[in-house]
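A.B. asks: Got a structure for you, questions after.
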Amino acid sequence: MAVYTKLIAARLALVLPVIVPIQQQAFVKGRSVLENVMLFTLVHEAFNREMRTASFLSVDFAKAFDSIHHHFIIDSLKAFDFSPLFVKLITSILKGAYARVMINSMFTLEFPLDRGVRQGCPLVPLLFVLVTSSLLYQVESLAEAGVPGRIRIRSVVVPAVSAIADDTRFYLQVLQSAFGRLFSLLESFRIISGCGVNWRKIKLVVIGKYKFPPD
């Protein structure tokens, strides 16, 4: 099984640069996590220099890949137009995952997993960045449609979202409407995928020199 999953992971890795949006810098060949650091530095320096206010919201997904429903993974593969054979191969790996729980030094009977895969599976990070691409695409689509919250540095539009695997960062104006729309989108993604935000790890950084402006 280990060799089998490694071969599938190698094939999947070849197409990720085409499918996964540039906002995701982890586990995609040809991309660097330094891009995330450079973006924050650019926004921070520009808004301090221009004496404007924006925000940087960092969120972490609870249990990451282990929380994502199998059906959402399969639906995502189909939505990205993977071949029926490839979808079938991934399905066989997901459906073949079982677990046992130790209670009072004794293991329970095996039961099938409807989320995640076996520990150490090389497909885990690749499938995670693939299936969470839908969230990144949706955030950018809303921003392009003129939803309140998009920030700019002069004539340059700043990406609305940037991610390193499950560490996801959002750049938006300090407006209640912007935060409300974003949180609503994150909750919708949780309901559909099973992958929700770890609210204990959420961080908000206000960039610039002014206090919160009125909405």
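Yes/no matrix, rows are residues, columns are (1) under 30 Å from residue 157 (Cα atoms); (2) at pLDDT below 90:
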| site | (1), (2) |
| --- | --- |
| 43 | yes, yes |
| 51 | yes, yes |
| 67 | no, yes |
| 70 | no, no |
| 74 | no, no |
| 89 | no, no |
| 101 | no, yes |
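A.B. asks: Now for a separate question. Are any of the residues in the range 181-193 acidic (Asp, Glu), over 30 Å from residue 11 (Cβ atoms), assigned to a helix (DSSP H, G or I) and at pLDDT below 85?
C.D. replies: Taking every residue of the range 181-193 in turn, none turns out to be acidic (Asp, Glu), over 30 Å from residue 11 (Cβ atoms), assigned to a helix (DSSP H, G or I) and at pLDDT below 85.
A.B. asks: Could you grab me the full set of residues in the range 125-159 that are modelled with pLDDT under 90 and either under 21 Å from residue 192 (Cα atoms) or surrounded by 18 or more Cβ atoms within 10 Å (Cβ to Cβ) (or both)?
C.D. replies: 140, 141, 142, 143, 149, 150, 151, 158, 159
A.B. asks: Let me ask something additional. May I ask you to list the residues in the range 23-49 that are assigned to a loop (DSSP other than H, G, I, E, B) and without any contact (Cβ under 8 Å) to a residue 12 or more places away in the chain?
C.D. replies: So in the range 23-49, the residues assigned to a loop (DSSP other than H, G, I, E, B) come out as 23, 25-33.
Residue satisfying the conditions is 32 alone.
A.B. asks: Can you name the condition, by its number, that residue 114 falls short on among (1) of a type in the set (Asp, Glu); (2) surrounded by 14 or more Cβ atoms within 10 Å (Cβ to Cβ); (3) modelled with pLDDT under 95?
C.D. replies: Unmet condition: (2).
A.B. asks: Something else now. Do you know which of the residues in the range 194-211 that are of a type outside the set (Val, Ile, Thr), in contact with a Leu (Cβ under 8 Å, 6 or more places away or on another chain) and surrounded by 12 or more Cβ atoms within 10 Å (Cβ to Cβ) is farthest from residue 150 (Cα to Cα)?
C.D. replies: This residue is 196.
A.B. asks: Same structure, new question: Counting only residues that are outside any loop (DSSP other than H, G, I, E, B) and among the polar types (S, T, N, Q), which one in the range 50-69 is surrounded by the most Cβ atoms within 10 Å (Cβ to Cβ)? Let's see the steps before the verdict.
C.D. replies: Kept after step one, since they are outside any loop (DSSP other than H, G, I, E, B), are these residues of the range 50-69: 54-61, 64-67, 69.
Next, from what is left, pick out any that are among the polar types (S, T, N, Q): 55, 58, 67.
Details: 55: 22, 58: 15, 67: 17.
My answer is 55.
The values are calculated or read from the model by the stated rules, or taken from the named source; none is laboratory data. Note that this is a predicted model, so its numbers are computed, not measured. Glycine gets a Cβ as well: all are built from the backbone with ideal geometry, and neighbour counts include every protein chain shown.
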